[in-house]
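J.: Below are the structure tokens for one structure; questions will follow.
The values are calculated or read from the model by the stated rules, or taken from the named source; none is laboratory data. Being a predicted model, the structure only gives us computed values, none of them experimental. Ideal geometry is used to build each Cβ from the backbone, glycine not excepted, and the neighbour counts take in all protein chains shown.
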Amino acid sequence: MRSIYPTLTNLRAEYSCFDRETGRPICVGNGETCRRAGGDGIEELPCPSPDACVFGQTGGCKPYGRLNVLIGDEDELGSFVFRTTSFNSIRTLAARLHYFSAVSGNLLACLPLELKLRGKSTTQSYRSAIYYVDLCARTSSTLESAIIEARDLDTRRKAAGFDQQALDTAAHAGFSNGAFEETIEESAAVAEEFYPAESSNGGSHDTGHDETSSTTRFSLQKQLDRRAALLGGKEA
């Protein structure tokens, strides 16, 4: 598996509700406030989270996370986007990003890592398997050797004049302005994540993503920050 290189600014997570026909976002919120598209344009409204919002319940609102990572070196300014509506995946990735950033001395963008699918079971899932995505050091390597490689890469980049901080700032600004500017590619992914095909019995079926915890009624960002503060990076 090829190494990936993420940064702290490259994980976006919001509660999102999309138009079923166009795949365009109609409401994006953080558990406290939201921006909702309507007949009079985009309004800023309270965001009580999906399980406490009538609009969200009828529109199919879910936590929506997108992690941008660099794979290989074909396009050093391009990125691969991992998309998920799994709350467990989102909070695990948030914790892992903070953990790896701390342990490497804020060299996350130079740290060679892997995305790995893991499974677990809980009482909430009635002991059925739940799958989520984790971020870890490469299978063929160790965290210590990954940090050494990250330091070497950081030294070479700085010598060449590469400004990672400026790149992160520009990326963060672009992500902040793009909540309602989704691409055709994004629309296709949204259809698969949010509105899976109807099952044979006429009802919708789960796409294999894990459950959304009842704690999502609070601010999504606060939950992620609290999870990241543990710096353990493991699922409870």
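J.: What residue, of Gly39, Gly72, Gly78, is within 25 Å of Ala166 (Cβ to Cβ) and free of Cβ contacts under 8 Å to residues at least 40 places away in the same chain?
T.: Gly78
J.: Something else now. For segment 100-154, how many residues meet the condition of being of a type in the set (Val, Ile, Thr) and at pLDDT 90 or above?
T.: Of the residues in segment 100-154, 5 are of a type in the set (Val, Ile, Thr) and at pLDDT 90 or above.
J.: Still on this structure, please answer the following. Could you tell me whether Thr169 is in a loop (DSSP other than H, G, I, E, B), under 24 Å from the mean Cα position of the chain (by Cα) and modelled with pLDDT of 80 or more?
T.: no
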